[in-house]
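Asks: Here's a structure for you.
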Amino acid sequence: MNLEETSLPGVVMISPTVHADARGYFMETWHARRFAENGITEDFVQDNFSSSAKSTLRGLHYQIEQPQGKLVRVVRGEVFDVAVDLRRSSPHFGRWAGATLSAENRQELWIPPGFGHGFLVISDVADVEYKCSDYYSPEHDRAICWNDPDLGIEWPLDDGEEPLLSVKDTNAPLFSAAETYP
């Protein structure tokens, strides 16, 4: 297993060791001791799964209380996954990092508490699984506008293409008006 920090300290790309043969393959997607040796010590309390059509954009989501760390992987299809630093005390506040996660590359992305998260489906369909370090809390659930110019996220959309959004994401506030972490 190889863990490599992205351009945002704390956000880590994980490339599992894949054991493949004529039958298929096997890989560990979570190993507490190996992750802890690399600074990821969270206890996971909830697993989530989403299935989405091409051009669906989910995010940018976070919880203002009970912030969730997320270990994200794609089991079918391909997404462009994004983390945004929402910690005002961080020198990287408002910066983002993105990575392509797919069933083919089998990579995972660790997004620590204090970051917003979102993804865009770039295949026909994508199934995404993620482990969370805290429980979902509807009253603390927040979103930031996916195409906020202050964030400048480079979503891989075709010219003029509009993503499929939920009502929540359509109405999400701009980064400048969003609640953030200390």
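The values are calculated or read from the model by the stated rules, or taken from the named source; none is laboratory data. The model shown is predicted, which means the values in this text are computed figures rather than measured ones. So basically every Cβ, Gly included, is an ideal-geometry build from the backbone, and we count neighbours across all protein chains shown.
Asks: Sort out which residues of the stretch 8-28 are within 15 Å of GLY69 (Cβ to Cβ) and in a loop (DSSP other than H, G, I, E, B), and write them in order of number.
Replies: Within the stretch 8-28, LEU8, PRO9, GLY10, VAL11 meet the criteria.
Asks: Checking ARG73 against (1) surrounded by fewer than 13 Cβ atoms within 10 Å (Cβ to Cβ); (2) assigned to a strand (DSSP E or B); (3) modelled with pLDDT of 95 or more: exactly one of these is not met. Which one?
Replies: All conditions pass for ARG73, except number (1).
Asks: Can you tell me how many residues within the stretch 29-54 are assigned to a loop (DSSP other than H, G, I, E, B) and either at negative phi or modelled with pLDDT of 95 or more (or both)?
Replies: 11
Asks: Please list, ordered by first then second residue, the pairs with beta carbon atoms under 9 Å, 6 or more apart or interchain, first in the stretch 37-60 and surrounded by fewer than 13 Cβ atoms within 10 Å (Cβ to Cβ), second hydroxyl-bearing (Ser, Thr, Tyr) and at pLDDT 95 or above.
Replies: Final answer for the pair search is ASP43/SER133; VAL45/SER133; VAL45/TYR135; ASP47/TYR130; PHE49/TYR130.
Asks: Hey, LEU109 hits all of (1) of a type in the set (A, V, I, L, M, F, W, C); (2) surrounded by fewer than 18 Cβ atoms within 10 Å (Cβ to Cβ); (3) under 10 Å from the mean Cα position of the chain (by Cα) but one; which does it fall short on?
Replies: Condition not satisfied by LEU109: (2).
Asks: In the stretch 140-148, is there at least one residue being exposed (fewer than 14 other Cβ atoms within 10 Å of the Cβ) and of a type outside the set (A, V, I, L, M)?
Replies: Within the stretch 140-148, none of the residues are exposed (fewer than 14 other Cβ atoms within 10 Å of the Cβ) and of a type outside the set (A, V, I, L, M).
Asks: What are the pairs with Cβ atoms under 8 angstrom where one residue, in the stretch 156-182, is in contact (Cβ under 8 Å) with a residue 60 or more places away in the chain and over 15 Å from LYS54 (Cα atoms) and the other, located anywhere, is of a type in the set (Lys, Arg) and exposed (fewer than 13 other Cβ atoms within 10 Å of the Cβ)? Sequence gap at least six, or different chains.
Replies: Listed pairs, sorted by first residue: THR180/ARG88; TYR181/ARG88; PRO182/ARG88.
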